[in-house]
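A short worksheet on the structure shown next.
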Amino acid sequence: MTGATPATEDRLAGRLWLKSYPAGIPAEIAPLEHTSVAGLFEESCRKFASKTAFICMGKTMTYAELDRESAKVAAWLQARGHVKGDRIAVMLPNVLQYPVVTMGILQAGLTVVNVNPLYTPRELEYQLKDSGATGIFVLENFARTVQQVITKTQLKTVVVGTMGDMLGLKGHIVNFVVRTVKKLVPEWSLPGHVPFKSLMASTGDFKRLDLGLDDVAFLQYTGGTTGVSKGAVLTNRNVLSNAAQSQIWLTAAYKMQGADTSNILYVCPLPLYHIFALTVNMVMGMSEGAANLLIPNPRDIPGFVKELGKYKVNFFPGLNTLFNALANNEDFKKLDFSALMLTVAGGMACQRAVADKWEAATGNVILEGYGLSETSPVAAVNPPGSTVFSGTIGLPIPSTEFDIRDDDGRTVPLGQVGEICIRGPQVMAGYWNRPEETASVMTPDGYFRSGDMGFMDDRGFIKIVDRKKDMILVSGFNVYPNEVEEVAATHPGVLEAAAIGVPDERTGEAVKLFIVRKDPALTAEAIKEFCAQGLTNYKRPHLVEFRDSLPKTNVGKILRKELRG
């Protein structure tokens, strides 16, 4: 290791965080049982054939049905001339078509390129051209976006579906409401496209290919919140390893609660095209024969709460903004959470104020985790059985190593802030067609430089302090926006908070705080006085601006970049 001392190497070899693992959690995952994600899915469909795999808008799909429908997709794609390694874009929200299409693409030996359905034409054109996708599955709601860019891409196969395609007779009603009542389908024209229902009426068998651990399963594009979006190349090994790593944690949680694991229900409010839901909900969920309750529009909080009231959810993955919105909803607080065994936060920092509200509403302690598209995504999480919200991202998961390094690549002492670097089987193969970008984030000894700043304590727990690029420099002192936001969020009159750095003649930069009020009477002066109680002078907000809402990505991350203008 570059610049590392023998003592440092000894510490890493010993992986001090293993001492903090609950009993029964191994340091390493077992050898992988499958050579492809498609193979895992196929075995799950056979093993759990009669069990429910996915639920959406009241319609259930068993594992046997998923197997049958996805095989049609695989056979059709091969018949269209798509060959192993071709990239196929999936531009779908959380509807039953998503698991069917994704499993079918993988079974055909192709690579899934997940696309945010809410992309603008510019964003879609960039991703389709960068990935070289030759096919796309899209919902009619977003077909107009494809229409606007298709002539600039390599697309030769376009499949267009509807919200109601897999909902049986109810689907006709859903489509009528979506098209006519809510007017959610802009006019579009894609000559030569194939309706999803026509594809599903086709016959034929697909040819099973020899798929290996190093074959590419997904091109998972980074959010692009800090620069140009890049395709993280995730192999079968990456995704299968991460599902196995996460499963160890989940199994330990079940055992601690003496849970009946014969019928586990996950809620899936995060979009499956996002790496968190893709791996944790779909891949890991299917590996254990769980059912996933798909939520097509989690921003409709009243509708989401109404749906939750119909089921006894056992596992709730989500992120800070979603937990915050739910915990502030009075109807949500009235739900029965007796079956809820595990709540895991990822995607962004979870604030203590939000965790406290969640625990008060559900009786469940949020276990905060950490990961990135480049790590498939899970790299660290708090131990199952935690009785208090730790404010950290927890411990590296099995077969994963963390090292905190300075700008010169040297390991920093415990407790000192540096860049979080990660090594493990879930770390991507690189960025798609970007060798220079790959080289800039991968160290010679195989660590991925995350761009996140944090420190490790003497028990192996890691605390994120912020993104490297979001750091604010006030009179030579580093100010981490998460810390300012965490303090502001504890004010009872604050619903959401975001901090950025703005130019200041006296200090170079000053902290500006954006607030969404819960209490309409809340003033800027009151916020400043409140923050002064918890933050040293240079960290306090110099400017406060009230907004009705904060800009977010489709999965709920606050876009500081847009606030900076």
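The values are calculated or read from the model by the stated rules, or taken from the named source; none is laboratory data. The structure presented is a predicted model; accordingly, all values stated were derived computationally and were not measured. Ideal geometry is used to build each Cβ from the backbone, glycine not excepted, and the neighbour counts take in all protein chains shown.
I need the helices (runs of 4 or more DSSP H) fully contained in the range 467-565, keeping only those with at least 3 residues that are free of Cβ contacts under 8 Å to residues at least 40 places away in the same chain.
On the way: elements: 481-489, 524-532, 560-564.
Of the helices (runs of 4 or more DSSP H) lying wholly inside the range 467-565, those with at least 3 residues that are free of Cβ contacts under 8 Å to residues at least 40 places away in the same chain span 524-532.
Which of (1) surrounded by 22 or more Cβ atoms within 10 Å (Cβ to Cβ); (2) more than 19 Å from L211 (Cβ to Cβ) is the odd one out, the single condition K59 does not satisfy?
Evaluating K59 over (1) surrounded by 22 or more Cβ atoms within 10 Å (Cβ to Cβ); (2) more than 19 Å from L211 (Cβ to Cβ) leaves (1) as the failure.
Identify the residue in the range 428-443 that is under 19 Å from the mean Cα position of the chain (by Cα) and either in a strand (DSSP E or B) or at pLDDT below 95 (or both) and, among all such residues, is nearest to I404 (Cα to Cα). If you could, list the steps in order and put the result at the bottom.
Just the residues of the range 428-443 that are under 19 Å from the mean Cα position of the chain (by Cα), to begin with: 428-431.
Subsequent filtering for residues that are either in a strand (DSSP E or B) or at pLDDT below 95 (or both) retains 430-431.
Working: G430: 21, Y431: 22 Å.
Step by step, filter the range 428-443, then rank; the result is G430.
If I ask for residues that are under 20 Å from the mean Cα position of the chain (by Cα), among the aliphatic types (A, V, I, L, M), outside any helix (DSSP H, G or I) and closer than 24 Å to K518 by Cα, which ones from the range 304-361 would you list?
Residues satisfying the conditions are L319, A345, M348, A349.
Take T375 and decide whether it is surrounded by fewer than 24 Cβ atoms within 10 Å (Cβ to Cβ) and assigned by TED's automatic domain parsing to the domain that holds Y254.
no
Can you tell me which of (1) closer than 30 Å to I301 by Cα; (2) of a type in the set (V, I, T); (3) part of a strand (DSSP E or B) is the one V233 doesn't meet?
Here V233 clears every test but (1).
Looking only at residues in the range 502-519 that are touching a Leu at 6+ places or on another chain (Cβ under 7 Å) and not hydrophobic (A, V, I, L, M, F, W, C), which one is nearest to K468 (Cα to Cα)?
Among those residues, the one meeting the criterion is E509.
Only one residue in M103, M61 is in contact with a Phe, Trp or Tyr (Cβ under 6 Å, 6 or more places away or on another chain), over 30 Å from V149 (Cβ atoms) and either assigned to a loop (DSSP other than H, G, I, E, B) or not assigned by TED's automatic domain parsing to the domain that holds L308 (or both). Which one?
M61
Do we have any residue at all in the range 145-167 that's without any contact (Cβ under 8 Å) to a residue 60 or more places away in the chain, among the small types (G, A, S) and either in a loop (DSSP other than H, G, I, E, B) or touching a Cys at 6+ places or on another chain (Cβ under 7 Å) (or both)?
The answer is yes; a qualifying residue exists.
Each row is one residue, and each column tells you yes or no for (1) touching a Phe, Trp or Tyr at 6+ places or on another chain (Cβ under 8 Å); (2) over 21 Å from A74 (Cβ atoms).
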residue	(1), (2)
T134	no, no
Q147	yes, yes
F176	no, yes
R179	no, yes
E187	no, yes
A201	no, no
L209	no, no
L219	yes, no
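For the range 375-399, how many residues are in a loop (DSSP other than H, G, I, E, B) and either under 15 Å from the mean Cα position of the chain (by Cα) or not small (G, A, S) (or both)?
If we filter the range 375-399 for residues that are in a loop (DSSP other than H, G, I, E, B), which is where we start, we get 376-377, 382-393, 397-399.
Next cut, either under 15 Å from the mean Cα position of the chain (by Cα) or not small (G, A, S) (or both) only: 376-377, 382-384, 387-389, 392-393, 397-398.
Within the range 375-399, residues that are in a loop (DSSP other than H, G, I, E, B) and either under 15 Å from the mean Cα position of the chain (by Cα) or not small (G, A, S) (or both) number 12.
Being without any contact (Cβ under 8 Å) to a residue 12 or more places away in the chain and of a type in the set (D, E, K, R) is the filter here, so list the residues in the range 283-305 that pass it.
R299, D300
Quick one: in the range 240-270, of everything that is of a type in the set (V, I, T) and part of a loop (DSSP other than H, G, I, E, B), which residue is surrounded by the fewest Cβ atoms within 10 Å (Cβ to Cβ)?
T261
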